[in-house]
Amino acid sequence: MKALPTGWKLFFSLAALTLLMTAAVLATYPAGSADALRSAIRATARSSFAMFLLTFLASALVTLLPGALSRQLLRERRYLGLAFAFSHTVHGVLIYLYAQGFPELFWAGRTAVANIPGSVGYLFILLLALTSFKAPTRLLGPRLWKGLHSTGTWVLAGVFCLSFYKRIPMGGWYPLAFALMFAAIVLKLIAKQARRLRGATPTPAH
Ligand code: HEM
């Protein structure tokens, strides 16, 4: 873990990897095609999911598996969270290009109502990213900040759960992805309960 970048270096490395991955996926399809955009949308959802899981589980892992690695993960949580927000911004830009370029495909079998969970997810991503900086954090105060970050994290976990759950009938990796998100939620709840039973001071936020 020591050899890995930390802080802003970690953020910029993950952001660069996300852009490289997106470019590589787009390059494997005919330029500007719907398939290219859809594949890149799926790829960025998956890179976001990986970073979200680490951010979501950081405090639970410190409780359940204390050690240098989990503490390091918790220290880097802010940068992982911001890298998740970056990856999901790319997801959003690609969705915009897809909806603009191929409205008939984008709206096929989709209603405005179906976009509500994703839109709420984006609202929380924006709020969590903005309040990851000093000035807005001070403005909110620790109680509100904690409430917002905890609520936002659970809402995003819910959106991931729902996105994967809807796709379970498609088979492939979707049942595994849903099981991963579900197991992470259970693990987080167990850690919360363990902290309560130990009467320990809770780890900061989430
Ligand atoms: C209104 C906002 C959103 C729209 C319109 C949207 C749209 C899409 C589209 C078109 C796909 C690709 C579908 C396909 O070709 O199979 C997709 C995949 C996905 N999106 Fe989004 N999305 C939104 C927000 C979000 C948010 C906030 C999250 C999570 C926090 C999310 C998680 C996912 C996941 C997990 C997938 C599936 C990835 C996979 O195939 O493994 N989306 N989304």
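The values are calculated or read from the model by the stated rules, or taken from the named source; none is laboratory data. Because the structure is predicted, anything quoted here is derived from the model rather than measured. With ideal geometry, Cβ positions are generated from the backbone for all residues, glycine too; neighbour counts draw on all protein chains shown.
TYR29 versus (1) among the hydroxyl-bearing types (Ser, Thr, Tyr); (2) assigned to a helix (DSSP H, G or I); (3) touching a Ser or Thr at 6+ places or on another chain (Cβ under 9 Å): which is the lone unmet condition? So TYR29 meets the others, but not (2). One residue stands out among those in region 25-41 that are farther than 14 Å from LEU97 by Cα and among the hydroxyl-bearing types (Ser, Thr, Tyr): the one that is surrounded by the most Cβ atoms within 10 Å (Cβ to Cβ), which is TYR29. Can you say whether GLY121 is near the ligand (Cβ under 8 Å from one of its atoms) and surrounded by 16 or more Cβ atoms within 10 Å (Cβ to Cβ), as far as the supplied structure shows? Judged against the criteria, GLY121 is a match. Somewhere in region 126-146, is a residue more than 8 Å from the ligand (Cβ to nearest atom), at positive phi and of a type in the set (Gly, Ala, Ser)? Looking for residues that are more than 8 Å from the ligand (Cβ to nearest atom), at positive phi and of a type in the set (Gly, Ala, Ser), one finds at least one in region 126-146, hence yes. Applying the set (1) under 20 Å from the mean Cα position of the chain (by Cα); (2) exposed (fewer than 14 other Cβ atoms within 10 Å of the Cβ) to THR111 leaves exactly one unmet item: (1).
Being within 9 Å of the ligand (Cβ to nearest atom), surrounded by 21 or more Cβ atoms within 10 Å (Cβ to Cβ) and part of a helix (DSSP H, G or I) holds for only one residue in THR22, THR44, THR55, and it is THR44.
Taken as a whole, the condition of being charged (D, E, K, R) and surrounded by fewer than 17 Cβ atoms within 10 Å (Cβ to Cβ) does not apply to LYS188.
A single entry from ILE116, ILE95 fulfils the requirement of being touching a residue at least 24 places away in the same chain (Cβ under 8 Å), of a type outside the set (Phe, Trp, Tyr) and within 11 Å of the ligand (Cβ to nearest atom): ILE95. Might you check whether a residue that is within 15 Å of the ligand (Cβ to nearest atom) and either closer than 22 Å to LEU64 by Cα or not β-branched (Val, Ile, Thr) (or both) occurs anywhere in region 191-202? Within region 191-202, not a single residue is within 15 Å of the ligand (Cβ to nearest atom) and either closer than 22 Å to LEU64 by Cα or not β-branched (Val, Ile, Thr) (or both).
Filtered by the rule that a residue be within 11 Å of the ligand (Cβ to nearest atom) and touching a residue at least 12 places away in the same chain (Cβ under 8 Å), region 98-113 gives TYR98, PHE102, LEU105. Please indicate, with yes or no, whether at least one residue in region 168-189 is touching a residue at least 24 places away in the same chain (Cβ under 8 Å), more than 14 Å from the ligand (Cβ to nearest atom), within 27 Å of THR63 (Cβ to Cβ) and not β-branched (Val, Ile, Thr). Checked region 168-189: at least one residue is touching a residue at least 24 places away in the same chain (Cβ under 8 Å), more than 14 Å from the ligand (Cβ to nearest atom), within 27 Å of THR63 (Cβ to Cβ) and not β-branched (Val, Ile, Thr). Under the condition of being modelled with pLDDT under 95, more than 23 Å from ARG77 (Cβ to Cβ) and among the hydrophobic types (A, V, I, L, M, F, W, C), the residues counted in region 174-206 number 1. Being within 16 Å of the ligand (Cβ to nearest atom) and surrounded by 13 or more Cβ atoms within 10 Å (Cβ to Cβ) is true of THR151.
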